[in-house]
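Only the coordinates and a few stated rules stand behind these numbers; no lab work does. Keep in mind that what you see is a predicted model, and the values were worked out from it rather than measured. Backbone-built Cβ (ideal geometry, glycine too); neighbour counts: all protein chains shown.
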Amino acid sequence: MSKAKEQKSSSGISFIMVLVLLLSIAGLAFGAYKLIMDGKDTVPPTGSITMKVGEVRTLETVIGTDFTCQIYDESIAVIDETHLLTATAAGSTTIVAQSPDGKSQVFSLTVTGEGVVFVTETTTTTTTTETTTMETTTQPLPEGSVTGIELTFYSVTLKVGEKKMPIVTMFPADANDKSEKWTSTDDKVAKVDWLGNITAVAPGTCTIRVTSVNNPNVYAEVSVTVPGASTTTTTTTTTAATTTTTTTSALSSSTTTTTTTNAANADGLTYVQGILIANKTYGLPADYNPGVDSAAQAAFNTMQAAAKKDGKSLSICSGFRSYALQKTLYDKYVKRDGKAKADTYSARPGHSEHQTGLAFDINKASDSFANTPEAKWLADNCWKYGFIIRYPKGKEHITGYKYEPWHIRYLGTELAEKVYRSGKTLEEYLGITSVYQD
């Protein structure tokens, strides 16, 4: 081969190599660009959020104000549709916020109970003894201390010889010592053993207290009533709408109403056809603190198991709320959105169904829940287990609240079926209103 041909051949090879090299570089550049573009919708973790038990704050993100949230451990904190985050128990978890266009942001949440002590106080009236819970800030507690006690019920009526035991939950979950100490203010009325078994001894009233051995400042109480010989009293109560006569038997602790209209008993509670009412018209006393109703909880557990068999997952994201907690939430909403708007989605303290212990928010208190398979299953089946969707769509002018497909109220299977089949709200079915007086 001549020298000229060799040079031409070498030049051709060199050109091809350069072209391949340029294409390779271009491919790498395009791949890097694609990786950047593909990854730009995901925001890496932004560090940690630290809160104390009972603290409430609004979650803010860099992906905008329109987003939904998932909390991996809802026993530690809950968040509502307005992005209000409430710390409920000590521990750590992860929060993932996601916008409709796919952007997301991850938060690491740590909740500590240090410095917070839950103290239970007893208020005695002429008719009953109620318990209330409030928070008091003290000196920081040693790590691993018990900071709170929760019971499955806070008042009970027992016949002589009857027994009942509340389930105790101490916070935080990883407390070093969860030993309990049980006492009774009157062993002649009701006694309690070291496990918390309450036994009715004789007619009367007393208080059973469980105290944390680890932190004696933390305790919870159960008001015990043991009915005596049968006595009958007649009380005439006048409400804004009607006058109702009720007859109460001390032996059975039952109430028979001569009409089916509003009846307020001596405890300041309003019942209609035997149903406890909490809405904008009828409120609850600030010291009414029954905890989660055991029958409602048992009914939910049964419903949850049935939903699981149908491939649906149901959980309670918000259950019982005390007057104090509802006030904290409502005041936060008013400060952020104004009173008029807050009243469309949040109850004023004393007017929340959550304070009855008979209402639960399911899975996620967010409008996004409405389009889930779980929401449809709940709407179609909850009545079978004694619940109703309390605030239906299109009934806002009657209930006073926006559509909440996640909020259910326990009525018992018989009444729940009647209300469900009537197609009415609870207000319509009972013939009552839900309107604030101011």
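Label sites at LYS181 and GLU414, each approximated as a point 7 angstrom past Cα along Cα to Cβ, lie 4.6 nm apart.
Counting Lys and Arg as +1 and Asp and Glu as -1 over every other residue whose Cβ lies under 10 Å from the Cβ of VAL222, the net charge comes to +1.
Among 147-154, 182-189, the peptide with the highest mean count of other Cβ atoms within 10 Å heads the list, and the full ranking is 147-154, 182-189.
Rounded to 0.05, the FRET efficiency of the ARG336 and VAL160 pair, given R0 = 45 Å and the Cβ-Cβ distance, is 0.30. Applying the Karplus relation 6.51 cos²θ - 1.76 cosθ + 1.60 with θ = phi - 60° to region 306-320 yields 3J(HN,Hα) values of 5, 5, 4, 5, 8, x, 10, 10, 10, 8, 8, 9, 7, x, 5 Hz, where x marks Gly and Pro.
A Förster distance of 45 Å, applied to the separation of the beta-carbon atoms of LEU195 and ARG57, puts the FRET efficiency at 0.70.
A simple rule links phi to the HN-Hα coupling: the Karplus curve 6.51 cos²θ - 1.76 cosθ + 1.60 with θ = phi - 60°, which for region 183-188 gives 9, 10, 6, 7, 5, 6 Hz, with x for Gly and Pro.
So for each of 420-428, 157-165 I average, over its residues, the number of other beta carbons within 10 Å; can you give me the resulting order with the highest mean first?
Details: 420-428: 16.4, 157-165: 14.2.
The most tightly packed comes first, giving 420-428, 157-165.
For THR58, the residues whose amide H sits under 5 Å from its own are LEU85, ignoring neighbours fewer than 5 places away on the same chain, with H placed 1.01 Å from N.
What's the extension gain from GLN70 to ALA298 if we count 0.36 nm per residue and subtract their Cα-Cα distance? It would help to have the intermediate numbers written out before the result.
Working: separation 228, 0.36 × 228 = 82.08 nm, distance 2.59 nm.
Value of the extension gain: 79.5 nm.
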